[in-house]
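Written out below as structure tokens is the structure these notes cover.
Every read-out reported here was derived from the displayed coordinates using simple, explicitly stated rules and does not represent laboratory data. Remember, it's a predicted structure, so these values are computed and weren't measured experimentally. Cβ: placed from backbone, ideal geometry, glycine included. Neighbour counts: every protein chain shown.
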Amino acid sequence: MTFAATIRSDAVRQAADAWRRQTSLRRFYTALGIGSLLVAMCTAMWFADEANAGHFFDRLPHILDFLSWLVPKDWNDVWRALFDIASPHDKGSQEFNFPLGRVYLWGGFYLPEYFELMLTTLNVALVSTFIGFVFAVPFSFIAARNLTPSPVLRLVVKRFMELLRAFPEIVIAGLFAAILSTGPVAAIIAIGLHSIGALGKLFYEINENIDMRAEEGLRAVGANWFERVRFAGLPQVLPNFMSYTLLRIEINVRISTIIGAVGGGGIGEELKLSISRGFGAKTLALVLLLFTTIFLVDQFSAWLRRKLVGEQAFMMGA
Amino acid sequence: MAAMTADQMRSIEERFPQVFRRPLYKRFGPLVLFTGILLYLVYALWFFSLPQVLRESHWERLPLFLTQWISYDLQPEFRLDQPQITPRYPRFSALGEDPHPDWVITNANGSYTILIDGRAKSVTFDKTEATLVANGQTVPVSLASGKPVISGPVPEWITAHDDEIVARMGFAGEVRITVDRVKVRKRFLGWANFVFDTRSPFFGKSPGEVVSLLMSGPQLKPGTSNIALAADNIWNNAQWQHGDVWTKLFQTIVMAFLGTLLGGIVAFPLAFFAARNITPSGLLSQVLKRFFDFMRSVDMLIWALFFTRAFGPGPLAGSAAIFFTEIGTLGKVYSEGLENIDDKPREGIQSTGANGLLVQRYGVLPEVIPVFISQTLYQWESNTRGATIIGAVGAGGIGLKLWEAMRTNSNWANVFYMVLLVLLVVFIFDSISNFLRRRLSRTIHDYNRIQAGQG
């Protein structure tokens, strides 16, 4: 064996050893990570099970009993409940009093109760998203490092948005429910405030990634801050803003049903009542309506986002 | 520079038709959108009957509620119709069993002086006469005639009803006087009895005293060390319920953790069969994708209500609700992540004759794992927030406790305490998740750079 070959084989062996050591170390860390995650998961499961009113394995055989009340005696009642058509089973109980909730618009033309409630929930989501958008846009430009030179102002706005984002919605909803004494408006304020924080964060991250050449050009001709933001910033970021706003609408529809269930009015409240009283047909009608609406909103928003910004709209989180 | 000629203008216009001759929908699109939104807002105004809601609103309650977040009040009552004037405190007042606060002064002649805010805002009274002092004014109230009567002008901080006189002294409190009793509300900044409640043997002791008791005091409760006793007293503080609040907070964290993790574990293998570029069957991909849509569209609320009914209220129901929603969400984002991968590493592994599983392990996983973890962390973070609201419908955790404390409208300090804890948790989890995601995104970035470098 020549001298050069010895050196080479030594080097190769060293490299191979180093690589092996590195891989085994990395494998060890991966195993450790997965192991501790599993331990944490099992502990968490045990804890959740202990703290729950009913325990998992005690309740598991009865999970189908719980479904039994859901199956209506007459499947047509689901449609009747959905469209407020009188049911032959109506004996004056709340379970089958479908026509009672009709909202007459004019003459004999009515909006079924559940559609009206769904509309309330949707409107809450839309108006609160609008509020979020209107305030998040200026805040996001103030919070962007490349557009606002003052670090103090930036910090204040960022912290404020973080606070809005993290503040539990139900507390704001509860506080304003005590002041305004009606559900939906308090829900709008709660979800709107949250949306300002949530959208503002996403927006300012977009703002910080814009191409600054347009801004420099405007600065060179003496444009002030508003003109620079309006003509250099906004056109670049608006498609992404709209895309995130549409995503926010999807989320807000869900939140507004939940806020509704804790007293914000709308379809959430009705669903909670219906489930807690065990009204099979009504529950199925509500679930069907809610499911369809959320599905349609999601699909429509996804289609629109794809049109606005292409596949990029779906690269969240990464 | 001179102005442009018409020819120059026209030539510029011809050179840039995309700027000067835009299609109609582009020119009027924004205007139509704007008008549409405006019309919608008008409709929403009518739909929520906002003017009426605002007219019936009680904005004066807002500052009251907000002050209750960070303050508490004591409301002693002094009966005047008994042989001797006696102070009475509500049964569960923050002062404990036998209160002798230094702001209630018994004068030599049998009258009482209550200092609402020092001598400048106070009330002095006996059975026949009361003297209100505030805002630099001294107002005598005569109680001798069977009705409280103010002789002379009534200042604007006093409201004289027929049988009761109400003196508002701002944040510090108020005094209500009738012929047979004087009611005082004195407000203090801060949280009363936050550490030890009135039943605790440590109640009313200064921090120094408590520390010396803990270090080297005689045992307050025989058989138990003072430190254990203090810990037990704090944990079981009846007014603040530290033990319960922290347990519920932990439940919320566990709900989010468990739901997201289980969702990820189930969604992970399914996503491979849903990704169009990996799955062998287009039908399977479609079925799985619709399944993900279904799990997502059946709202977290619906899952929560169902599981609360199935398992009873508690974190198990909440975890299950987040788990089911998360199968849909994570399944969707995982499969989209898989569909966006670079196919070359896979082809390379395939060319060595590796079997299907090995191709996924060495050709796909290294590329998607950082993205998957990043998205899972993001979901975990947002579920930690979501678990709070879900809890309020009965799925356990701090949400339910918050909602119950709020419903009574009287316990805003407790609400604020819980809000602060929730904020703390959310901030900590945000930071952890942001830190991890930033590190991961560097990994993703490096990976992409290496890929690009290799062409």
By the Cα gyration tensor axes a ≥ b ≥ c (a/c under 1.5 gives rounded; else a/b larger than b/c gives prolate, otherwise oblate), the shape of chain A is oblate
Percent relative contact order for segment A:54-169, counting Cα pairs under 8 Å at least six residues apart, stands at 12 percent
Over the Cα atoms of the protein assembly as shown the radius of gyration and the largest Cα-Cα distance (Dmax), both in Å, equal 33.0, 125
Treating only Lys and Arg (+1) and Asp and Glu (-1) as charged, each at its beta carbon, one finds that chain A has a dipole about its Cα centre, in Debye to the nearest 20, of 1200 debye
Output for segment B:29-103: chymotrypsin sites (Phe, Trp or Tyr not before Pro) sitting in coil per DSSP, at most 14 other Cβ within 10 Å, listed by number, reads B:Trp59, B:Phe92
Here P(r) for segment B:69-189, Cα-Cα distances in 5 Å bins, as whole percents, is 2, 11, 23, 25, 21, 12, 5, 1, 0
When chain A is treated as a Gaussian network with springs between alpha carbons less than 10 Å apart, the largest mean-square fluctuation among A:Leu153, A:Leu199, A:Leu60 is found at A:Leu60
Taking only C-alpha positions in segment B:242-453, Rg and Dmax in angstrom work out to 20.1, 71
Magnitude of the Cβ-charge dipole (Lys and Arg +1, Asp and Glu -1) of chain B about the Cα centre, nearest 20 debye, reported as 1040 debye
Checking A:Ala15, A:Ala190, A:Ala198 against a Gaussian network model of chain A (alpha-carbon springs below 10 Å), the top fluctuating residue turns out to be A:Ala15
Given Cβ charges of +1 for Lys and Arg and -1 for Asp and Glu, the option among A:Phe203, A:Phe291, A:Ala214 whose Cα lies farthest towards the positive end of the dipole of chain A is A:Ala214
For segment B:302-366, the charge dipole (Cβ of Lys, Arg +1; Cβ of Asp, Glu -1; about the Cα centre) points to a positive end, and the Cα of B:Ile341, B:Ala321, B:Ser351 closest to that extreme belongs to B:Ala321
Computed for the protein assembly as shown: size of charge dipole around the Cα centre, +1 on C-beta of each Lys and Arg, -1 on C-beta of each Asp and Glu, debye to nearest 20, value 1820 debye
Filtering trypsin sites (Lys or Arg not before Pro) in segment A:20-128 by DSSP loop and by at most 14 other Cβ atoms within 10 Å leaves A:Lys73, A:Lys91
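Would you mind ranking A:Trp106, B:Trp403, B:Trp157 by Cβ crowding within 10 Å, fewest neighbours first?
On the way: A:Trp106 6, B:Trp403 23, B:Trp157 17.
Lowest count first: A:Trp106, B:Trp157, B:Trp403.
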Calculated from DSSP helices alone, with each H run of at least 4 adding -39500 (n - 2.57) and the total divided by the residues of chain B, [θ]222 nm to the nearest 500 comes to -18000 deg cm²/dmol
Highest GNM mean-square fluctuation among A:Phe57, A:Phe295, A:Phe133, for chain A with Cα springs under 10 Å, belongs to A:Phe57
Violations at 31 Å Cα threshold for listed pairs B:Lys127/B:Lys186; A:Lys158/B:Lys248; A:Lys201/B:Lys332; B:Lys221/B:Lys248; A:Lys201/B:Lys26; A:Lys73/A:Lys272 -> none
Among A:Leu273, A:Ala261, A:Phe83, the residue whose Cα sits farthest towards the positive end of the charge dipole of chain A, when +1 is placed on the Cβ of each Lys and Arg and -1 on the Cβ of each Asp and Glu, is A:Ala261
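Kindly put A:Ser181, A:Ser256, A:Ser87 in sequence by how many other C-beta atoms sit within 10 Å of each C-beta, fewest to most.
Final ranking by Cβ density, sparse to dense: A:Ser181, A:Ser87, A:Ser256.
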Output for segment B:24-82: GluC sites (Glu not before Pro) sitting in coil per DSSP, at most 14 other Cβ within 10 Å, listed by number, reads B:Glu56, B:Glu60
If each part is reduced to its alpha-carbon centroid, segment A:93-109 and segment B:289-367 end up apart, in Å, by 42 Å
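Across the residues of A:157-169, average count of Cβ atoms on other protein chains within 10 Å?
Across the residues of A:157-169, the mean count of other-chain Cβ atoms within 10 Å is 4.
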Ranked on Cβ counts within 10 Å of their own Cβ, fewest leading, A:Arg277, A:Arg254 go A:Arg277, A:Arg254
